[in-house]
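Novice: Before anything else, here's the structure in question.
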Amino acid sequence: MARGLLSGLGVRAGVALPDPPVRGDRLACLSVTAVVDSARHEWAEGHRRFLAAARDPAVADRLYAHLELVLGDLRRRTGSAFTLAELAGEHAEAERWIRGLLEEHAADGWATTLTTVQAAAFHLASRSATDYEA
């Protein structure tokens, strides 16, 4: 999962990183914190969009079914213990596997709600992270 996070920061696999500056650990920590904060904001916004869309009885059952599919697969991918940074790393690759999951298992209409369901699933999963703070 860390690989996805690093690629999200523009780091390629197999490429040696230069020695960090004197305060490198602090700078790296700030960079990861910024990525996690940005992801958490995106997930919270998506969760709000999900809840607003789910108020429509015509689509609520479909949305919740899609959310359950994505959450189940996300839990399988993260395991029972993960950090917010690891979750953000998984998020970097998520659209590809979520698209495949919904294409295979979901009924029509998933394409129009993919990003909202994705963000809502990650928002809900983030609450189980070992370093989650409200």
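Novice: Determine whether A60 is in contact (Cβ under 8 Å) with a residue 60 or more places away in the chain and at negative phi.
Specialist: no
Novice: Here is a further query. I need every pair where a residue in the stretch 73-100 that is in contact (Cβ under 8 Å) with a residue 24 or more places away in the chain has its Cβ under 8 Å from the Cβ of a residue that is outside any helix (DSSP H, G or I) and of a type in the set (V, I, T), sequence separation at least 6 or different chains.
Specialist: A81/T130; F82/T130; T83/T130
Novice: Quick one: E86 ticks every box in (1) farther than 24 Å from Y132 by Cα; (2) buried (at least 20 other Cβ atoms within 10 Å of the Cβ); (3) of a type in the set (D, E) bar one, so which box is it?
Specialist: Only one criterion in (1) farther than 24 Å from Y132 by Cα; (2) buried (at least 20 other Cβ atoms within 10 Å of the Cβ); (3) of a type in the set (D, E) is unmet by E86, namely (1).
Novice: For the condition under 21 Å from R99 (Cβ atoms) and either modelled with pLDDT of 90 or more or not β-branched (V, I, T) (or both), what is the one hit in R26, R55, R3, R48?
Specialist: R3
Novice: Please determine whether any residue of the stretch 109-119 is crowded, with 18+ Cβ neighbours inside 10 Å, among the β-branched types (V, I, T) and assigned to a helix (DSSP H, G or I).
Specialist: Yes, that holds for at least one residue.
Novice: A further question follows. Checking E104 against (1) closer than 22 Å to H41 by Cα; (2) assigned to a helix (DSSP H, G or I), only one condition comes out false. Which one?
Specialist: (1)
Novice: Can you name the residue in the stretch 42-71 that is under 11 Å from the mean Cα position of the chain (by Cα) and of a type outside the set (A, V, I, L, M) and, of all such residues, is surrounded by the fewest Cβ atoms within 10 Å (Cβ to Cβ)?
Specialist: Once the filter is applied, the top-ranked residue is E42.
Novice: In this structure, is G100 exposed (fewer than 13 other Cβ atoms within 10 Å of the Cβ) and at pLDDT 90 or above?
Specialist: yes
Novice: Inspect all residues belonging to the stretch 62-76 and state whether any of them is out of contact with any helix residue (DSSP H, G or I) (no Cβ under 7 Å at 6 or more places or on another chain), part of a loop (DSSP other than H, G, I, E, B) and modelled with pLDDT under 95.
Specialist: no
The values are calculated or read from the model by the stated rules, or taken from the named source; none is laboratory data. Since this is a predicted model, take the numbers as computed values, not measurements. A quick note on method: Cβ atoms are made from the backbone with ideal geometry, for glycine too, and the neighbour counts reach across all protein chains shown.
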